[in-house]
Amino acid sequence: MIEIKDLSKSFIDKNITVDALKNINLKIEKGDIYGIIGLSGAGKSTLIRCINRLEEPTTGSVLIDGQDIMKLKDEEILKIRRRIGMIFQSFNLLSRRDCSKNIAFPLEVAGYHKTNIDDRVNELLDLVGLTDKKHSYPSQLSGGQKQRVAIARALAGKAELLLCDEATSSLDPSTTKSILALLKQINATLGITIILITHQMEVIKEICNKVAVISEGEIVEMGTTFELFSKPKHPVTKRFLGHKSLEGSYESNAQGDNTRRYKLTFLQESARQPIISQMIKRTGVEVNIIAGHISNVQEKYYGNLIIEISGDCEALQKALEYLNQNELYVEELVDNERVV
Amino acid sequence: MNELYDILIKLMNLMPQPLLETLYMVAASTVFSVLLGVPLGFITAISEENHIWPHKNLNRVLNLLINIARSLPFIILMIAVFPLSKFLIGRRIGTTAAIVPLTIAAIPFVARLVGGSVKELTWGIIEAALSMGASTMQIIYKVILPEALPSIVSGITLTVINLISYSAMAGAIGGGGLGDLAIRFGYQGFQEDVLIGTVLVLLAIVQLVQFLGDKIYKSLIR
């Protein structure tokens, strides 16, 4: 288990202090695929590098299985890094080593015996499906193949934790899918905990079970992936999910005291019930459906509906109460929110 | 026809000794300058602020020394190192003595080129090695040296060619070699045939060095 506590990092650039990370607190359980999403410059690269101390945080601690890695001496850091694999956006393979030698690198570094290295390399080539590319050089491989070699290399020393730094950002969509599938398989079969940073919501949606949103050096929202997709709260999260377009897609022509606009989120159970029609029958309000869609995150469904309800004060009040009674997530949309 | 034959005979008689001297001077100074310049180039590169072995003051001192040595004209340097040549070789002038200034001129040149080769490596591959728990020494030997090798080979090729031209100047302090031949027989002795012959031989050597250098470079690139 990894626990990040009150982690902050500031740089001094030309006498100006820049806070790259502000008071980060995260808990990553064993077996998680934990996504950290943020725009470039949000601090996510710095954050992931604090976990293996490629970056030195200014304050705070990182506990790996209870051990504070900030207190480790230089040689101990080298040892702990051998248990943490890392893959990168630009793969970072050694151009003058073939695939097998690239995968052997961390084993050589850790002082493995040559015969053990050979066996382990073959095992890993098999795991990532590149046995036939054993003696190919990186320049002869496609982007996806290079990332597979990088994954094999990262896992070579029996890593328990894999850090992914924008691992799919330079790959095309179908290659991205296959790399994500491989990561998922590694997580499921080998029980390796994965922490990944990305700016692509699809990556989170595809494989992460938990997610944290980082903006300007701060975690602004976190939770399970389903929670975050179905009930995003922070504007940055909503922007990542592209909600702006849905909510702002309609200019109301009936703005007035007697009209309210709501965004309803139907989670799994509530999606099966005729809630809107029941509400109309019971309260006599008028409902105008503005937009809606159904999405699924990792086989779990949720729906969003944007409606306008008109009626007298009392009826509106009743309607809202009725909606809240059901397992719905109700959010009133006011004009200024639509322009966010 | 007969005249050309005579020239060839003359050159064949004159050439071997200075040619060997030139090859000797260039080969020896290349070996020494690579042995000393490559590590120096590595140290200047990795001691930079954001590299794997940051040592700010050492970095400044080394850069200053390299710049001083690089800014001295070779002809001045040759004379300036007389005491050192005397100390190391036992003589101030002569072919062997000329190896000292040639090496000293080439060391900072090699160091600059090698430093550049190291610094232009993508930081990502070094970061990846760091993430795998490689020590500074392991990164130098297993990552930086092999990855920068093709570029270092190009640098050495350039150095050899530079040394060929410097070694011609070494003729001026009794270093012998092809430069000396060209000056004494060709220029001062008004024997244009010798002058042209020497230039042609030098040209052939430079071409050959460049060709071999490119060949090795290509065999290293993957």
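Applying the condition of being outside any helix (DSSP H, G or I) and aliphatic (A, V, I, L, M) to the range A:75-121 and asking which residue is nearest to A:LYS146 (Cα to Cα) yields A:LEU93. Of all residues in the range A:81-111, those satisfying the criterion of being over 30 Å from the mean Cα position of the chain (by Cα), within 9 Å of chain B (Cβ to nearest Cβ) and of a type outside the set (A, V, I, L, M, F, W, C) are A:SER95, A:ARG96, A:ARG97, A:ASP98, A:GLU108.
When you scan the range A:122-140, how many residues do you find that are away from every other protein chain (no Cβ under 11 Å) and not in a helix (DSSP H, G or I)? Total satisfying the criteria: 5.
Taking (1) surrounded by 18 or more Cβ atoms within 10 Å (Cβ to Cβ); (2) away from chain B (no Cβ under 14 Å) in turn, A:LYS27 satisfies each apart from (1).
When B:SER219 is tested against (1) at pLDDT 95 or above; (2) surrounded by 14 or more Cβ atoms within 10 Å (Cβ to Cβ), only condition (2) is not met.
Of the residues that sit in the range A:146-164 and are surrounded by 23 or more Cβ atoms within 10 Å (Cβ to Cβ) and within 10 Å of another protein chain (Cβ to nearest Cβ), which one is nearest to B:GLY124 (Cα to Cα)? In this case the residue turns out to be A:ALA150. With the requirement that a residue be surrounded by fewer than 16 Cβ atoms within 10 Å (Cβ to Cβ) and under 17 Å from B:SER131 (Cα atoms), what does the range A:84-133 give you? Listed by number, the list holds a single entry, A:GLY111. The residue of the range B:8-22 that is nearest to B:LEU195 (Cα to Cα), among those that are surrounded by fewer than 16 Cβ atoms within 10 Å (Cβ to Cβ) and touching a residue at least 60 places away in the same chain (Cβ under 8 Å), is B:LYS10. Sub-7 Å Cβ pairs linking a first residue in the range B:72-97 that is part of a helix (DSSP H, G or I) to a second residue that is surrounded by 12 or more Cβ atoms within 10 Å (Cβ to Cβ) and of a type in the set (S, T, N, Q), at least 6 apart or interchain, are B:ILE89/B:THR96; B:ALA97/B:SER85, ordered by first then second residue. Surrounded by 18 or more Cβ atoms within 10 Å (Cβ to Cβ) and in contact (Cβ under 8 Å) with a residue 60 or more places away in the chain: does that describe B:ASP193? So B:ASP193 does not fit the description; no.
One residue alone among B:LEU181, B:LEU200 is surrounded by fewer than 16 Cβ atoms within 10 Å (Cβ to Cβ) and either at pLDDT 85 or above or under 30 Å from B:LEU121 (Cβ atoms) (or both), and that residue is B:LEU200. Scanning the range B:98-129 for residues that are in contact (Cβ under 8 Å) with a residue 40 or more places away in the chain and of a type in the set (S, T, N, Q) yields a count of 2. Just one residue in the set A:ALA181, A:ALA212 is away from chain B (no Cβ under 14 Å), at pLDDT 95 or above and surrounded by fewer than 17 Cβ atoms within 10 Å (Cβ to Cβ); that residue is A:ALA181. Once the range A:44-66 is narrowed to residues that are part of a strand (DSSP E or B) and of a type in the set (S, T, N, Q), the residue that is farthest from the chain's Cα centre (by Cα) is A:THR59.
Scanning the range B:118-147 for residues that are touching a Gly at 6+ places or on another chain (Cβ under 9 Å) and buried (at least 24 other Cβ atoms within 10 Å of the Cβ) returns B:VAL118, B:SER131, B:MET132.
Which one of B:THR136, B:THR157 is at pLDDT 95 or above and touching a helix residue (DSSP H, G or I) at 6+ places or on another chain (Cβ under 7 Å)?
Result of the check over B:THR136, B:THR157: B:THR157.
Could you go through the range A:254-262 and let me know if any residue there is surrounded by 14 or more Cβ atoms within 10 Å (Cβ to Cβ), at pLDDT 85 or above, part of a strand (DSSP E or B) and under 16 Å from the mean Cα position of the chain (by Cα). No: the range A:254-262 contains no residue that is surrounded by 14 or more Cβ atoms within 10 Å (Cβ to Cβ), at pLDDT 85 or above, part of a strand (DSSP E or B) and under 16 Å from the mean Cα position of the chain (by Cα). Residues of the range A:49-63 that are under 13 Å from A:LEU161 (Cβ atoms) and either more than 14 Å from chain B (Cβ to nearest Cβ) or out of contact with any helix residue (DSSP H, G or I) (no Cβ under 7 Å at 6 or more places or on another chain) (or both): A:ILE51, A:VAL62, A:LEU63. Taking (1) of a type outside the set (Val, Ile, Thr); (2) more than 10 Å from chain B (Cβ to nearest Cβ); (3) under 32 Å from the mean Cα position of the chain (by Cα) in turn, A:LYS114 satisfies each apart from (3).
The helices (runs of 4 or more DSSP H) located wholly in the range A:264-339 that include 2 or more residues which are modelled with pLDDT of 85 or more and of a type in the set (Val, Ile, Thr) occupy A:275-283.
Suppose we filter A:GLY38, A:GLY43 for residues that are in contact (Cβ under 8 Å) with a residue 60 or more places away in the chain, buried (at least 17 other Cβ atoms within 10 Å of the Cβ) and either in contact with a His (Cβ under 8 Å, 6 or more places away or on another chain) or of a type in the set (Phe, Trp, Tyr) (or both); which single one remains?
One residue alone meets the criteria, A:GLY38.
All conditions in (1) assigned to a loop (DSSP other than H, G, I, E, B); (2) at pLDDT 95 or above hold for A:ALA154, with the sole exception of (1). Here the condition is being in a strand (DSSP E or B) and closer than 22 Å to A:ARG239 by Cα; of A:ILE36, A:ILE4, it holds for A:ILE36 alone. Among residues of the range B:87-132 being over 18 Å from B:TYR166 (Cα atoms) and modelled with pLDDT under 95, the one that is nearest to the other protein chains (Cβ to nearest Cβ) is B:LEU88.
The values are calculated or read from the model by the stated rules, or taken from the named source; none is laboratory data. The model shown is predicted, which means the values in this text are computed figures rather than measured ones. Here Cβ is always computed from backbone atoms with ideal geometry, including for glycine, and neighbour counts include all displayed protein chains.
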